[in-house]
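The values are calculated or read from the model by the stated rules, or taken from the named source; none is laboratory data. Given the structure is predicted, the values throughout are model-derived calculations rather than measurements. Here Cβ is always computed from backbone atoms with ideal geometry, including for glycine, and neighbour counts include all displayed protein chains.
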Amino acid sequence: MRYPIRSGDDLTRTLQAERRRRGLTQHDVGELTGLDQTYLSRLETDGAALQLARVVSALRRLGATIEVRFDDGGPADVAPAGAPEAAGDARVDDTDG
């Protein structure tokens, strides 16, 4: 699945959409990521991502295309909380193609 990211809100909607697509609860995602369920709920429903919105806005103004891509792998492909991100988990592509 690919989700174009044009705003901070797009990131939070992507989190919620992918969680639901995989049939996961916020508690499940919390277990996988080490994040509190209450925090995940706030991320999905309100302005908890304001700083992310600022980063996305700055990158977009510089011409970046930001995309979240989920390969067919399931939650087992998620790195433990605090582990360095695997290559390809997050991508910033500043090309037009």
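Can you tell me which residue within the stretch 55-81, out of those that are in a helix (DSSP H, G or I) and modelled with pLDDT of 70 or more, is nearest to Gln16 (Cα to Cα)? Within the stretch 55-81, the match that is nearest to Gln16 (Cα to Cα) is Val56. Counting the residues of the stretch 1-47 that are under 25 Å from Ala64 (Cβ atoms) and aromatic (Phe, Trp, Tyr) gives 1.
Could you say which residue among Asp10, Asp28 is surrounded by 15 or more Cβ atoms within 10 Å (Cβ to Cβ) and modelled with pLDDT of 90 or more?
Among Asp10, Asp28, only Asp28 is surrounded by 15 or more Cβ atoms within 10 Å (Cβ to Cβ) and modelled with pLDDT of 90 or more.
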